[in-house]
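Trainee: Provided herewith is a single structure, encoded as structure tokens, for subsequent inquiry.
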Amino acid sequence: MASMRRSSANGANIKLLIFDLDNTLVDTRNADKLAVLEVKKLLKQERPGNDVDKTVCKYKKFLSEKEIDPDKKLPVDEWRTLLWTKALTNGSPATGDLAKKVYNLWKETRLKHVYFTEEIKSLLVRLRQKYKLALMTNGDSQVQREKVAMCNAEEYFDSIIISGDYEHAKPHPSIFEVAFKQFSVSAKECIMIGDSLKTDIEGGLNSGVYASIWINPEGLEPAGFDPEPCYSLSSVLQVEDVLKDMINCKITTGGSSSWDVQLMTIM
């Protein structure tokens, strides 16, 4: 089921769909969980009796604080290996070899589970027959390009935009301007589709796109000062139905181009 706010404009002239990658088109959270499970198995073998859960939690904390070297001196693989070294220390010297082994296992397992399902591939193929498709993802260039390569995303998208290649990431409007210029379209001819209110949806609002679609499998509600999406879907596979509704929309509210507050559903 999907909840939405219907446009009051007379039909949309949509030319470009901008998709987020992580947890929109690929299940990165699940890939992370599976990578952690493999790392724990390894650590239990290499360091029996140690608190592997604590070690993994320390690494995840270090990674969330600084995903890449803030001084931009170390390549991302070296930096994240260093984070594992810190996490493995636990008050005693950690071997660099073990940190490398753990990092490589974590990375390889994670990437192995980053892929487009057959349903996602079919969806993108169908959409590309009607629209231009751009993939816009936040993150380090190397890290995100490795994910892009695992998905063979270049086969399905007309453009791939990675924030690490630009000055600003989503939700800054300048990275959206990159897409608008690449395809010679206006913001009102574009739709943003993603799972994050703070980057994808707010970015769509900041850049003035025609509509923002929130991929929201848990059925959450925006809270506090969260930006409000135009549509909230339980699955990205429902995007086609929303686009049909949007294109065929004939509702008017005295010529206003604002969003109607009436909520509707797609089964």
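The values are calculated or read from the model by the stated rules, or taken from the named source; none is laboratory data. Remember, predicted model here, so these are calculated numbers, not experimental data. As a convention, Cβ positions derive from the backbone with ideal geometry for all residues, glycine included, and neighbour counts pool all protein chains shown. Calculation scope for accessible area: heavy atoms of the full protein, side chains included, ligands and nucleic acids excluded. Shrake-Rupley method; radii C 1.70, N 1.55, O 1.52, S 1.80 Å.
Trainee: Restricting attention to region 189-206, which residues are surrounded by fewer than 23 Cβ atoms within 10 Å (Cβ to Cβ) and small (Gly, Ala, Ser)?
Mentor: Ser196
Trainee: To continue, here is another question. Please specify each residue of region 98-123 satisfying the condition of being without any contact (Cβ under 8 Å) to a residue 40 or more places away in the chain and under 21 Å from Gln238 (Cα atoms).
Mentor: The answer is Thr117, Glu118, Lys121, Ser122.
Trainee: Looking at region 164-173, is at least one residue within 30 Å of Gln45 (Cβ to Cβ) and basic (Lys, Arg)? Walk me through how you get there before you give the answer.
Mentor: Going residue by residue through region 164-173, those that are within 30 Å of Gln45 (Cβ to Cβ) are none.
For region 164-173, residues within 30 Å of Gln45 (Cβ to Cβ) and basic (Lys, Arg): absent.
Trainee: Right, here's the next one. Could you give every pair whose Cβ atoms fall below 9 Å, whose first residue belongs to region 23-34 and is free of Cβ contacts under 8 Å to residues at least 12 places away in the same chain, and whose second residue is open to solvent by less than 40 Å² (accessible area, probe 1.4 Å) and not in a loop (DSSP other than H, G, I, E, B), counting only separations of at least 6 or pairs across chains?
Mentor: Short answer, once both residue conditions are applied: Arg29/Asp22.
Trainee: In the list Phe183, Phe176, which residue meets the criterion of being open to solvent by 30 Å² or more (accessible area, probe 1.4 Å), more than 26 Å from Val56 (Cβ to Cβ) and in contact (Cβ under 8 Å) with a residue 40 or more places away in the chain?
Mentor: Working: Phe176 fails: open to solvent by 30 Å² or more (accessible area, probe 1.4 Å).
Step by step, each of Phe183, Phe176 is checked, and only Phe183 is open to solvent by 30 Å² or more (accessible area, probe 1.4 Å), more than 26 Å from Val56 (Cβ to Cβ) and in contact (Cβ under 8 Å) with a residue 40 or more places away in the chain.
Trainee: Any residue in region 58-67 that is part of a helix (DSSP H, G or I) and more than 23 Å from Thr199 (Cβ to Cβ)?
Mentor: At the first step, the residues of region 58-67 found to be part of a helix (DSSP H, G or I) are 58-65.
Among the residues that remain, those that are also more than 23 Å from Thr199 (Cβ to Cβ) are: 58-59.
Yes, because at least one residue in region 58-67 is part of a helix (DSSP H, G or I) and more than 23 Å from Thr199 (Cβ to Cβ).
Trainee: Test of understanding: among Thr89, Thr109, Thr117, Thr85, which residue is over 20 Å from the mean Cα position of the chain (by Cα) and either surrounded by 16 or more Cβ atoms within 10 Å (Cβ to Cβ) or closer than 22 Å to Gln144 by Cβ (or both)? Walk me through it before giving the result.
Mentor: On the way: Thr89 fails: either surrounded by 16 or more Cβ atoms within 10 Å (Cβ to Cβ) or closer than 22 Å to Gln144 by Cβ (or both); Thr109 fails: over 20 Å from the mean Cα position of the chain (by Cα); Thr117 fails: over 20 Å from the mean Cα position of the chain (by Cα).
Of the residues listed, the single one that is over 20 Å from the mean Cα position of the chain (by Cα) and either surrounded by 16 or more Cβ atoms within 10 Å (Cβ to Cβ) or closer than 22 Å to Gln144 by Cβ (or both) is Thr85.
Trainee: Within the group Glu154, Glu202, Glu146, Glu177, which residue is part of a helix (DSSP H, G or I) and in contact with a Leu (Cβ under 7 Å, 6 or more places away or on another chain)? I'd like the intermediate steps shown before the answer.
Mentor: Details: Glu154 fails: in contact with a Leu (Cβ under 7 Å, 6 or more places away or on another chain); Glu202 fails: in contact with a Leu (Cβ under 7 Å, 6 or more places away or on another chain); Glu177 fails: in contact with a Leu (Cβ under 7 Å, 6 or more places away or on another chain).
The conditions single out Glu146.
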